[in-house]
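Bear in mind these aren't lab numbers, they're just calculated from the coordinates by the rules spelled out. What you see is a predicted model; the values in this text were computed from it and never measured. Here the Cβ positions follow ideal geometry from the backbone for every residue, glycine too, while neighbour counts run over all protein chains shown.
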Amino acid sequence: MQDRPLLISAVLEHAARNHGGAKIVSARPDGTLVRHTWPQVAARAAQLAHALAARGVQPGERIATLAWNEHRHLEVYYGVSSMGAVLHTVNPRLFPDQIAFILKDAADTHLFVDPTLMKGAEALADRLPETLRTIVVMGIEADIPADCPLRGRFEVVAQESLIEGRPGRYDWPELDERSASSLCYTSGTTGDPKGVLYSHRSTVLHAMSVVSPDVFNLASVDVVMPVVPMFHVNAWGVPYAAAIAGSSLVLPGPKLDPASLHRLIEEERVTRSAGVPTIWTALLQWLRADPARRFARPPKLAVGGTALPTPVNAGFLKEYGVEILHAWGMTECSPVGTTGARMPQNADWDADRFVEYSRKQGKPLFGVEIRVRDGEGKDIAHDGVAFGELEVRGPWIASQYFNRPGDPAFTADGWFRTGDVVTLDEFGSMEIVDRAKDVIKSGGEWISSITLENVIMGHPAVQQAAVIGIHHSKWDERPLLLVVPKPGTSPTEADILAYFDGKVARWWMPDQVEFVDSLPLTATGKLWKAELKQKYRDRSAG
């Protein structure tokens, strides 16, 4: 058989050659839309590659971005990786110290910055690495501030000026498919962020799997809107998967409020979208606020990052006809590792029964192997009760961290220790019980904070909730429940605790309930448990 390398340039050329009818729609901050096609994206990516090559960019060189989901970011995605350099997407929501650390650790030479994020980049001026030569503002010359403090130390140029006049074709090199294509860092909520360096091979294999029916099920007639940011694990592989399938892409830009997302879904006839639970929870609450808000063609949604509360899943399905696929993944897994698609064993279950079951993160994709071991290193029983730490391996799973050989997250026999505590049921379907660092250890037994959060999210007066362990003199730890009430409601502690009756074991019930105005979120939209633990470190339950 012929042996052809799996390269990102091949993905781009396939989409440009065979799917010219698909659209690439990009939302600007003011709500106006810019439209391109895959051939146009390929031409502009080629122009960018020519410009970078003319500036001496070499294979393996890291090119960073601080950007949202928009067409110029997509062009950098393909142009940088296809020429043999490494795309390094940086999360602009991280703290400035973390961004500075990441840029230095990666030794980036160019930084592409969205115009709306220039103030943040300018604030980092004194902490940018010595390796950095050029700041590229992702727009036109007018988008560069007249008094930009980055000028002088760095070349500052607009992306449109950079590519102007460059050829729209590039003789993409036939790279080693195992060479690096992109670099993403973990969110670093418990220490310095860690880099994960993906290869062309791992990225293409992951994207091919994401296209498949039990994952995102993409076809050339689909219109896909990745709400998950392109700076977060390559938007779960959607920019590559859409090109492989020939799907259209809708890139929502920086405005991810429910009204903006709903408008794009309706006007662009989005068929599939992917995002974290906080995005879909906010959208459901916004829809419910006005009976006139509906979907003309309900899209299919995918959710990951943390567990989606079952009441949110049920609300979308029963009230709006929207199906949600629960998936699990991590930066170290490219990221998708499992999905909760229907199986022969539950194909005939009614909607209510399946929605309840679909709180689980499901079964591994082909190529991903999982094992779950208890505290003694033994494989757990597949009974949905026993739990242990999840370990994974596969062709798109990291084997070590960038610049950090020997990290204990990787076992001697080649598995990645995820830090997730999970159960496996009789079908082999996985359910995340908690993060190993967040599980509450009470009297020698474990309490799942995620389970408590999912249960209380069904309470009609609860908008957001978080559970953390606090000190107890007898039981070591007990659960503290923090609740953000819905506007216009005034639940009491007794109301909240009564809701748990019959839904969890009595000894799991929170000892204390505290009502708060808001809860801290990480840079990727997850509950920031580390911040809450720090805030309540002196609280005692008895």
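If the limit is 21 Å between Cα atoms, which of Lys441/Lys529; Lys194/Lys529; Lys503/Lys533; Lys194/Lys535 go over it?
Beyond 21 Å between Cα atoms: Lys503/Lys533; Lys194/Lys535.
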Between Asp517 and Phe95, what is the spin-label point distance in nm, taking each point 7 Å from the Cα along the Cα→C-beta axis?
2.2 nm
Where labels lie 7 Å past Cα in the beta-carbon direction, separation of Ala259 and Ala296 in nm
2.0 nm
Where in the chain are the DSSP H helices whose C-alpha atoms run 18 Å or more along the long axis and whose mean Kyte hydropathy is at least -1.0?
38-54
I need two numbers for region 141-228: Rg to one decimal and Dmax as a whole number, Cα atoms only, in Å.
19.2, 52
For region 512-542, state which chymotrypsin sites (Phe, Trp or Tyr not before Pro) are in a DSSP loop and have at most 11 other beta carbons lying within 10 Å of their beta carbon.
none
Please list, in chain and number order, the residues 5+ apart from Lys300 or on another chain whose amide H is under 5 Å from its amide H, with Hs placed from the backbone.
Arg272, Ser273
Compute the distance from the alpha-carbon center of region 421-498 to that of region 60-123, in whole Å.
36 Å
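How would Met430, Met457 line up from fewest to most surrounding beta-carbon atoms within 10 angstrom?
Values: Met430 23, Met457 20.
Taking fewest neighbouring Cβ atoms as first place, the list is Met457, Met430.
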If contacts are Cα pairs under 8 angstrom and at least 6 residues apart, what is the relative contact order of the chain in percent?
11 percent
Compute the convex hull volume of the Cα atoms of region 440-535, divide it by the residue count, and report the result per residue in Å³ as a whole number.
101 Å³
Taking every Cα atom in region 1-116, find the radius of gyration and the maximum pairwise distance Dmax, and write them in Å.
15.4, 51
Listing Thr203, Thr271 from the residue with the fewest other Cβ atoms within 10 Å to the one with the most, what is the order?
Thr271, Thr203
Would you mind ranking Glu61, Glu376, Glu13, Glu267 by Cβ crowding within 10 Å, fewest neighbours first?
Glu376, Glu267, Glu13, Glu61
Over the chain, what portion of Cα pair distances is larger than 38 Å, expressed as a whole percent?
28 percent
For Leu308, distant residues with modelled amide H under 5 Å away
none
Scan around Phe112 for amide H atoms under 5 Å from its own, H built in the peptide plane at 1.01 Å from N, and keep only partners 5 or more places away or cross-chain.
Ala64, Thr65, Leu66, Val136
Do me a favour and compute the ellipsoid semi-axes for region 8-255 from its Cα gyration tensor, root of five times each eigenvalue, largest one first, whole Å.
26, 20, 18
For region 390-542, what is the relative contact order in percent, using Cα pairs closer than 8 Å and at least 6 residues apart in sequence?
17 percent
State, to one decimal in nm, how far the label point of Asp379 lies from the label point of Glu356, with both points 7 Å from Cα in the Cβ direction.
3.0 nm
